[in-house]
1. From V136, V155, V176, which residue is surrounded by fewer than 23 Cβ atoms within 10 Å (Cβ to Cβ), in a loop (DSSP other than H, G, I, E, B) and at pLDDT 95 or above?
2. How many residues does the stretch 116-157 contain that are touching a residue at least 40 places away in the same chain (Cβ under 8 Å) and over 22 Å from D76 (Cα atoms)?
3. Give the stretch 179-201 a look and list any residue that's β-branched (V, I, T) and surrounded by fewer than 19 Cβ atoms within 10 Å (Cβ to Cβ), or say none.
4. On the basis of being closer than 20 Å to R188 by Cα, among the hydrophobic types (A, V, I, L, M, F, W, C) and without any contact (Cβ under 8 Å) to a residue 24 or more places away in the chain, does A113 make the cut?
5. Just to check your reading of the model, which residue among A82, A78, A34, A63 is at pLDDT below 95 and surrounded by fewer than 18 Cβ atoms within 10 Å (Cβ to Cβ)?
Amino acid sequence: MSITGIEKLEFGVEDPALCSKFITDFGLSAAGEAGSHHYQTLSGAQVAFYPIDDPQLPPAFEAGSTLRRITWGVTDAAALAAVRQRLCELPDFSEQDGVLSCCDPNGMALRVAIGRQQPVSLPVLPINQWGDIRRVDRPSPVYQQATPVNIGHVVFFVTDLAQTERFYRELLGFQVSDRYVDRAVFLRCGAHGGHHNLFLLQLPGGKRGLNHVAFTVRDIHEVIGGGLAMNKQQWSTFIGPGRHPVSSAYFWYVNSPTGGAFEYYTNEDWLTENWQPRELEHSLTSFTEWAVEGGIDYTTRRQQKENIR
């Protein structure tokens, strides 16, 4: 299998105009015609917003504003044909204009298509560490706003972890990176890649739905700059900045009118076929080494004690 990553996220929302302001403040640029509520990252990965009752959207897997469909990219026509062979026996499978469609066991509508994202080359200054000095006579950058490079991963609450994991591993070729015992699994698209493109989490109450979507940025300074910029625009922080020990990533989560949260992140572990998945106990310390609850206020540069919006 040759899944390359997330190509597009489509949301059904109660207020498309508000969501468009959110995603513009978040750092994505308009894609398509004016007023279409389509936006893109630097690589061309897209986010689209539709009215919650738009008939072109598939049924929702939870009430309210939420993600309604996700498109995964593949490398080429041969890879698409290989995925077709795996999916074609599903009862809800369909194909139109080279795009495969179905639903996963959790009720999320999927599409698989040949990827259209473009490589992105950006200047990223190194970090100086003890015994490894790479940035000389140059200061680290300060960002006034984040500009996400691509869509890195999505996180779902699932009702049947084993069945949903099996779907992504056996039919789409995802690899296990790490696991929280009897609770969750981190999956990446292929053997070589970032720590996870998909995180499936089963709660004791059996809830299903969207937890968050995550966007890759250049460095820790852009995570901070992006989070402060969102606070300046009156968007509330869920949690961050902080660091996940399970993936080594620095993060900042912002509450979103689309449902769930949107995350800036960077510095995740890069894995190969030599990586041995870990069996971890799910706990606060295993998920978050440290984090600022409620964020940092743009004006005072101190911890934000109350949510803004």
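The values are calculated or read from the model by the stated rules, or taken from the named source; none is laboratory data. All values derive from a computational prediction rather than experimental measurement. Positions of Cβ are backbone-derived with ideal geometry, glycine not excepted, and every protein chain shown enters the neighbour counts.
1. The conditions single out V136.
2. So the count comes out to 17.
3. V181
4. Judged against the criteria, A113 is not a match.
5. Sole residue among the options that is at pLDDT below 95 and surrounded by fewer than 18 Cβ atoms within 10 Å (Cβ to Cβ): A34.
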